[in-house]
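Each remark here refers to the structure printed beneath this line.
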Amino acid sequence: MDLFKIITEIEKVDPEIYDRLDSRRRVFKHFGLAGKAVTAAVLPGLVSGIFQRAYGQTSNLSPDIVAVLNLALSLEYLEYYFYDSGLKATGLIPPADQPAFVKIRNDESGHIKVLREALGSQAIADPTRAAFDYSGAKGPGNGPFAAALVNDYALFLGSSQAFVDTGVRAYKGGAPTLMPNKDLLEAALNIHSVEARHSSHVRTVRRGLAAGQSGQGATTIAGDLNNLSGKTGRPKSWISGTDGGGPSPSTTPSTAPTYNAGNPATGAPTAIFFPAESNTTHAGVDITTNTAGITPAAASEAFDEPLDAATVKSIARNFVVASSALFT
């Protein structure tokens, strides 16, 4: 067991891991002493105790927190196996773009490790690649997104954008439930920010591809508002309004629910509700009428909106084989 390698992997998605354990200096000091006094047989138990201290998991987690974390874990598996499949598909991802998607896939793997460690024995089992049908057909493999993992790079990028944007909204939607547990909330928000960067990168590559350039050669944003949707659209690096329904608004399933309202869609300023990404009102203030020169598009771009668990599951179930228990 390479303990330091494990912690290094976790540090990539949770930079404050050492603060949770102890100060960095004292952690290494303790590990150094332990190496002299602890046998290899005892070391796994020591490691387990260390991470229980860091994240306060297992029996201390409420059912609601377990549900939020397992939903996040399910989404991470959906993304991990999608990117892994894309990287293994011959000739799908251009060589210039492959290193970035290797990094994104490995990030998802790191997120999975952290979430599984936090959940302990309450984590869902690894569903394996066999649980997913990324075509959107729930099993047969002949849905509208089938070519995304075969020979349609533009559709691969569009699917990637929809998956990661769903995940970003899901993490934000689950944040209120995690608030009683500061450590878990911080870890989830750290993952949330990384997922947002993944979305930004995918959108950048989509713009470059739409302009006939290498995916890494992003075009300027000018004019993108006129062509946000469709797999060959040129999205901004952030969500604008409802993004024209996303990369595949007219298919069944559609990417539109990723950007539309959840349930409930409206509520009092102090209530938890899930408006569409085109929302312009926050804390009871309509930004477009209270701030000069702010357009609805600009107002919507200034905020990310959360999405409720039920809506997230309804989106994700389109890409899981019917026999799977994921997202139920």
Can you work out the FRET efficiency for the pair Lys88 and Glu301, with r the C-beta to C-beta distance and R0 = 30 Å, to the nearest 0.05? 0.30
So for each of 259-270, 132-143 I average, over its residues, the number of other beta carbons within 10 Å; can you give me the resulting order with the highest mean first? 132-143, 259-270
What list of ³J(HN,Hα) couplings, whole Hz, do you get for segment 323-328 from phi and the Karplus terms 6.51, -1.76, 1.60, once you set θ to phi - 60° and write x for glycine and proline? 7, 7, 8, 5, 6, 8
For Phe132, residues with placed amide H under 5 Å, excluding near neighbours: Val321
Any chance you could run the full-extension gain for Ser62 through Ala175? It's 0.36 nm times the residue separation minus the Cα-Cα distance, nm to one decimal. 39.3 nm
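Bear in mind these aren't lab numbers, they're just calculated from the coordinates by the rules spelled out. Values in this document were obtained by computation on a predicted structure and should not be read as measured data. Heads up, the Cβs are rebuilt from the backbone with ideal geometry, glycines too, and the neighbour counts pull from every protein chain shown.
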